[in-house]
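The next block holds one structure in the form of structure tokens; read it before the comments.
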Amino acid sequence: MSAPVTEKSLAYLRGHNVMTLATAGEDGPWAAAVFYVNEGFTLNFLSAPTTRHAANIAANPQVAATVQEDYHDWREIKGVQLDGAAVMLSRTESATASARFAAKFPLLEDLAAAPAELARAFQRMAWYALTPTHVYFIDNSVAFGHRDKVPLPHSD
């Protein structure tokens, strides 16, 4: 695939806010909607380590995710599908992810001024990174079920 599918995919990720993260653990598969910010195709997200999806990641870092809108017409469906590994970030990596997040979601720039409920919730959170192994751009405006593989620097 060429640069256009890469650019379309990155633009799509930048233009959206929520991914559906799929994990698997002792209790079987699980999916959760989480806010994210991307740096290239790496997606950073915030979650409490006590959540089912975070516990699943700790036990099995292999995950899948989708980013898409809630379309009414199948011909309009577009989105990004990916799989890869998710890990909890170190303190240094978390600071970088937090800065990116605040740039995308201005409410988070100054947590001291944020609603108390939000500030308390952030104290219980940890930062994660999903580094994809495979990325696909879905575009039904081309054809039903049309999917382009996005080339990644480390992909096969």
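The values are calculated or read from the model by the stated rules, or taken from the named source; none is laboratory data. Note that the coordinates shown come from a computational prediction; the quantities given were computed from them, not determined experimentally. Methodologically, a virtual Cβ is constructed for each residue, glycine included, from the backbone with ideal geometry; neighbour enumeration extends over all protein chains shown.
Things worth noting here:
- Subset of the stretch 37-59 (residues that are outside any helix (DSSP H, G or I) and either without any contact (Cβ under 8 Å) to a residue 60 or more places away in the chain or among the small types (Gly, Ala, Ser) (or both)): Asn38, Gly40, Ser47, Ala48, Thr51
- Pairs, first under 12 Å from Ala65 (Cβ atoms) in the stretch 1-26, second in a helix (DSSP H, G or I) and β-branched (Val, Ile, Thr), C-beta under 7 Å, six or more apart: Thr23/Ile57
For every residue, the table says whether it meets (1) modelled with pLDDT under 95; (2) more than 18 Å from Ile138 (Cα to Cα).
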residue	(1), (2)
Pro29	no, yes
Thr50	yes, yes
His53	no, yes
Asn56	no, yes
Ala65	no, no
Tyr71	yes, no
Trp74	yes, no
Asp83	no, no
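- Criterion applied to Glu69, Glu26, Glu76, Glu39 was being surrounded by fewer than 15 Cβ atoms within 10 Å (Cβ to Cβ), among the charged types (D, E, K, R), out of contact with any Ser or Thr (no Cβ under 6 Å at 6 or more places or on another chain) and under 16 Å from Pro132 (Cα atoms), and the one residue passing it is Glu39.
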